[in-house]
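Just below is one structure, and these are the notes that go with it.
FYI, it's all coordinate maths here, none of it is from the lab. Owing to the predicted nature of the structure, the values given are computational and were not obtained by experimental measurement. Cβ: placed from backbone, ideal geometry, glycine included. Neighbour counts: every protein chain shown.
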Amino acid sequence: MQQPAVCHLPNEDVEVLNSEYGKNVIKLLRIRRDDKKHFIKEVEACVHVRLDSVNEYLHGENSAVIPTDTMKNIVLALAKCKGIQTIEQFALDICNHFISSYCHVVYVKAYVQEVPWRRLEKNGIPHVHSFICVPEGIRFCEAEQCQNGCPLVLSGIKELKLKKTTQSGFQGFHRDKYTTIPDRTDRVLSAELFCKWSYGECQDIDFDCVWDTVHESVLEAFSGPPDCGEYSPSHQKTVNNIQMLTLARIPQIQEIEVTLNNIYYDDIDLKKFGLTNEKEVLIPVEIPYASYTCTLGRKKCLREQA
């Protein structure tokens, strides 16, 4: 039986609002050997480009298309030739290569995240070539650049899991007939954090120092002083505390977004075992989970952008 022809709209009846393509999840390990001492960066990169035409989408005409396999090979070659001092600089190198090498590429975006390897130490002595993966959050960045434009960089932390067993509560909230939770003045605060921030000028920024300072600020604002902690009246206020401390410490950051995904714990009744349970044994509730997000920007920067 003959199949009916596919019906198409004429191209003049539609408008391409955005078109881009690229290669995702390009994984590589870059080793730099300085005599006996070795340095490593293991990263996962994605690169997408936008061309000055959309003929490949509208007409199936591929003469301007840079194959995604070529894009992957470029990332690998840049890792060899340029090295990876920081993932932010590597992302900028990727953007610069595509903008400077292909006149028909009008926009490029690079995403790079780093596997959290740390050099092994014994008795305070760093090992020359051995490392351990430490899950204290994954460092990532995004860079993008247009033709004749300045590059923009975002840096961030994701999958950072934090927990404190007291000094957290939630009370005085709105109530209606659907509200079932009671006020709480002492609860476990456990969350997975996502945080990203943007810079002003990308020149002369010590990306390593900034990332370490943000990471330290997150931990400090979440937990409070080590001997007594700090009370959190809500996840939202904890998000704000993280942002305010970060902005106070790092003037190069113009805008910061923080998300806390809550990991809730239920009390469990142990009376049937003849045992009491003073919030000592808890059961994690994986889904559904609550999420709290806020983006803060410096007012001066926002006024300048306007």
Open item on the list: Under 10 Å, Cα contacts only: if you run a Gaussian network model on the chain, which one of LEU120, LEU76, LEU29 comes out with the highest mean-square fluctuation?
Closed with: LEU120
Open item on the list: Expected output is a single nm value to one decimal: the length gained when fully extending between ILE287 and GLN85, i.e. 0.36 nm times separation in residues minus the C-alpha distance. What is it?
Closed with: 68.8 nm
- [ ] Would you mind listing how long the chain runs along its three principal axes, going by Cα atoms, in whole Å with the largest first?
- [x] 75, 67, 53
Task: Simple spin-label estimate for ALA64 and TRP117 in nanometres, 7 Å along Cα-Cβ - done: 4.0 nm
Open item on the list: Below 18 Å, Cα to Cα, which lysines can LYS237 reach? Residues fewer than 8 away in the same chain don't count.
Closed with: LYS161, LYS163, LYS164, LYS196
- [ ] DSSP loop (so not H, G, I, E, B), at most 12 other Cβ within 10 Å: list which chymotrypsin sites (Phe, Trp or Tyr not before Pro) in the stretch 133-203 pass both filters.
- [x] PHE173, TYR178
Task: Packing-based exposure ordering (other Cβ within 10 Å, fewest first) of VAL239, VAL281, VAL210 - done: VAL281, VAL210, VAL239
Open item on the list: Could you identify which residue out of ASP13, ASP34, ASP204 has the top mean-square fluctuation in a GNM of the chain using Cα springs shorter than 10 Å?
Closed with: ASP13
Open item on the list: Can you give me the distance in nm between label points at LYS177 and PHE39, each placed 7 Å from the Cα along the Cα-to-Cβ direction?
Closed with: 6.6 nm
Task: Calculated FRET value between ILE138 and ASP13, using beta carbons and R₀ = 45 Å, to 0.05 - done: 0.50
TODO: Would you order LEU260, LEU219, LEU162 from fewest to most other beta-carbon atoms within 10 Å of each residue's own beta-carbon?
DONE: LEU219, LEU162, LEU260
TODO: Report, in deg cm²/dmol and to the nearest 500, the calculated mean residue ellipticity at 222 nm for the chain, where each DSSP H run with n ≥ 4 adds -39500 (n - 2.57) and the sum is divided by the residue count.
DONE: -7500 deg cm²/dmol
TODO: Would you kindly state how much longer the chain becomes between GLN167 and VAL188 on full extension, computed as 0.36 nm times their sequence separation minus their alpha carbon distance, in nm to one decimal?
DONE: 6.8 nm
